[in-house]
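In what follows, a structure is listed as structure tokens, so that the remarks can point back to it.
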Amino acid sequence: MMRWLYLLLLSSLIASPGCSADEQEKMLQAKETKLNEKEQQLSIREQTIQLKEEELTRRQQLLDSTTVKVPALPDTLSRLHPQLPGVWNVTMRCTETTCAGSAVGDTKTEQWQLSFQNNNIIVQAMSDKKLLRIYTGSYIANFFELSSHQEGVDQQQATKMLVKLQVKKADEMTGQREIIRENDCRIVYALELRKQQ
């Protein structure tokens, strides 16, 4: 009996590795088949992506070729107001103030050098041939709107200036200058400008 049991066990051991090798070979073939399928799927995806990229490139080229190139605008300020560039004498009279050290009725005079650059107006404000500040701005709805911002030593001294000008005659303009400082300090001046001959 023991002998039969031993023979049975030995035959199962001998037969077992053969089955296991067959099963392993089948498993390897199945894995190889799956890998081949995945490679084919990846290849198809790559081709699809490449076709989509080519289509996007074609569309972009089509858009670029049909886009209308807008030419640069001519300097319309020079055409609208050819008389404005030059030196202007400016009289400023204070009409409102909430700042210490200024009072309604105070007057100041400056010389402003006006010029146009790329449809913008540039104003150099001078006093006694010394540059005080530079305003820059544009022409909006029949007004020149300018601004200047000056940083002081500390935030208390930071100042913003807004200027609005309107042409009355070829050699005459009127307007307003507003000075805004920290702590709700505000000064408003009425402006009269006359061009130097």
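Modelled label-to-label distance, Lys168 and Arg133, 7 Å Cα→beta-carbon offset: nm?
Each label point lies 7 Å from its Cα, and together they span 2.3 nm.
How long is the gain from Thr159 to Leu51 if the chain were fully straight, where each residue apart is worth 0.36 nm and the alpha carbon distance is subtracted?
Details: separation 108, 0.36 × 108 = 38.88 nm, distance 5.92 nm.
Taking 0.36 nm per residue and subtracting the Cα distance, the gain is 33.0 nm.
Of Lys130/Lys195; Lys160/Lys195; Lys108/Lys164; Lys129/Lys164, which pairs sit farther than 21 Å apart, going by alpha carbon to alpha carbon? Display every interim value, and only then the final one.
Values: Lys130/Lys195 19 Å; Lys160/Lys195 25 Å; Lys108/Lys164 17 Å; Lys129/Lys164 24 Å.
Cα-Cα > 21 Å for Lys160/Lys195; Lys129/Lys164; rest within.
Under a cut-off of 30 Å between alpha-carbon atoms, report the lysines in cross-link reach of Lys52, not counting same-chain residues fewer than 8 places apart.
Straight-line reach from Lys52, under 30 Å: Lys34, Lys38, Lys69.
Where a number appears in this text, it was derived from the coordinates with a stated rule and is not lab data. The model shown is predicted, which means the values in this text are computed figures rather than measured ones. Don't worry about glycine lacking a Cβ; one is built from the backbone with ideal geometry, like all the others, and counts go over all protein chains shown.
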